[in-house]
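Just below is one structure, and these are the notes that go with it.
The values are calculated or read from the model by the stated rules, or taken from the named source; none is laboratory data. Computed from a prediction, not measured in an experiment: that's the story for all the values here. Here Cβ is always computed from backbone atoms with ideal geometry, including for glycine, and neighbour counts include all displayed protein chains.
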Amino acid sequence: MDFIKKTFIFVLIILLGISIYNDLTLGNSQENKINRIQQPATDINFTVLQIKVEPGDTVLSIVERINNNRNLEKMDLTQILTDFNTINPSIDPHNLDPHTYYYFPLYNTP
């Protein structure tokens, strides 16, 4: 019985040491993935505005309003949604919560 206790404690210490070593050398990879925002490979330039969503607003209606409808006829709806997802990575653009602030793209005119 004493041998089993000693073996269990030895294995536990080894696993603890491996865990500490991995944390110190690799870091928390999940945290790194969450904080990283990938930029799309496009030539479209935009700045970001924080806008409070009112009931009935959609991503497209807000983007049209803040951009004063300029150059949006050249834009693809898919591109606007992609840009929205880029700056709001964990938000569903089809289900915006009213009275909540989100970031929206303000497109720069050439």
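Summary table
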| item | result |
| --- | --- |
| Of residues in the range 48-64 being under 19 Å from the mean Cα position of the chain (by Cα) and more than 18 Å from residue 78 (Cα to Cα), the one surrounded by the fewest Cβ atoms within 10 Å (Cβ to Cβ) | 50 |
| Helices (runs of 4 or more DSSP H) contained in the range 1-66 and holding at least 3 residues at pLDDT below 85 | 2-26, 29-35 |
